[in-house]
Amino acid sequence: MALDTRDIRVGMDVYTADGVYVGTVRKVSFGPAPQRGEPAVAVREVSVVPGELLGPQPTAPLGNPGPETQGARNAFATVRDDALPLGAGRFAVGTLPIPLCWRWFTCDAVLVVSFERVVLKRTAAELGLYPRRRPAH
């Protein structure tokens, strides 16, 4: 998974694969970005019949330019952003804001990033963590 500066940020919660809370992302360090060769010719698959015409009420014939400008032929109207890749970077996770008992993880250790949550590939047992017990009421 290629991660960038929008994916892992300070303040995100980090969990193991089995749902145990590890801590909060405290610091993110960049690493060298992997070298990827660009294809000589960019080939985009484009449907012969736009899906918009198959819908219940096509709007292109009414003058809506969206179906044409946001189609596969035009890369869905996306532009390249300036987010920097984390590459082979790493991030620190801890429960305290001071660098005390922080754990460092590489970007390869990430299973999935969802909203404000990072889930690691390894379980709590594999990391040597013990599930925190809630106090009895």
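FYI, it's all coordinate maths here, none of it is from the lab. Just so it is clear, the model here is predicted, and its values are computed rather than measured. Positions of Cβ are backbone-derived with ideal geometry, glycine not excepted, and every protein chain shown enters the neighbour counts.
Under 5 Å between amide H atoms, partner at least 5 residues away or on a different chain: which partners does Leu120 have, H built in plane at 1.01 Å?
Residues meeting the criterion, in which the H sits 1.01 Å from N, are Tyr15, Thr16, Ala17, Leu111.
Rounded to the nearest 0.05, what FRET efficiency do Thr123 and Val79 have when you use their Cβ-Cβ distance and R0 = 41 Å?
Approximately 0.55, to the nearest 0.05.
How many nm is it between the label spots at Tyr15 and Val113, if each spot is 7 Å from the Cα in line with the beta carbon?
With each label placed 7 Å out from Cα toward Cβ, I get 1.8 nm.
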